[in-house]
Structures are given as C-alpha cells and as structure tokens.
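Accompanying notes for the structure given below.
Each value in this text was obtained by applying a stated rule to the coordinates, not by laboratory testing. Model, not experiment: these values are computed from the prediction. Positions of Cβ are backbone-derived with ideal geometry, glycine not excepted, and every protein chain shown enters the neighbour counts.
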C-alpha cells in the first residue's frame, strides 16, 4: 500500500519517479535488510554479522531521526511511533550483541 504508507510518513508519491523511488527504498532495501537479519536462521554461526548490521543500520536511523526531531517541528504521532520502534530495535540488538556467547 505505497500511497497509504507514503502519506503516513509525509511523502508525496509522484507518478513515475516517486513511485519508483518508493518501491526501490521501501521494497528493495527493506528486502535486503530482512534477508540479512534473517540469515542466521539458515546459518546460525552468522548471528554476529546480522546483529552488528542491525546495530549499524538502526544506530544510524536513531541518530538521524533524533536529529530530525531537533531540526523540524510538527512531527506527527506516526513518526514518533516509528522512532520508538527504532529505539527498541537498537536497544534489543545491542543487548543481544553484547550478550551473545
């Protein structure tokens, strides 16, 4: 549901280029990340890689989301909810990374 998703986060989904960009970032990139994070289900020995990748990705998301809250006003509830989820994932990945055997 690209139209609903883009509206919820404040994007304008323009025909052609906007749709292509949305599909690429929210489709291709998310699929790649999903595969990377689920990889240890196939190869449990690779858990360290997936957790480190998760820490890097969500650390950057939390950094830039926090920066955006400092720079911009009028942040809607949906965006604040996404920020909370990003923090939870970052903290969870950090705990798992440093607790791993």
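Would you please put 79-89, 64-74, 40-50 in order of how densely packed they are, using the mean number of other Cβ atoms within 10 angstrom per residue and starting with the highest?
79-89, 40-50, 64-74
What FRET efficiency comes out for residue 42 versus residue 1 if R0 is 41 angstrom and r is the Cβ-Cβ distance? Round to the nearest 0.05.
For residue 42 and residue 1, the calculated efficiency is 0.90.
Taking the highest mean first, how do the peptides 30-37, 90-97 order by number of other beta carbon atoms within 10 angstrom per residue?
The packing order, highest mean first, is 90-97, 30-37.
Under a crude label model (7 Å from the Cα following the beta-carbon direction), how far is residue 26 from residue 87 in nanometres?
2.4 nm
Radius of gyration and Dmax for the chain's Cα atoms, expressed in Å?
Looking at the chain, its Cα Rg and Dmax stand at 15.8, 49 Å.
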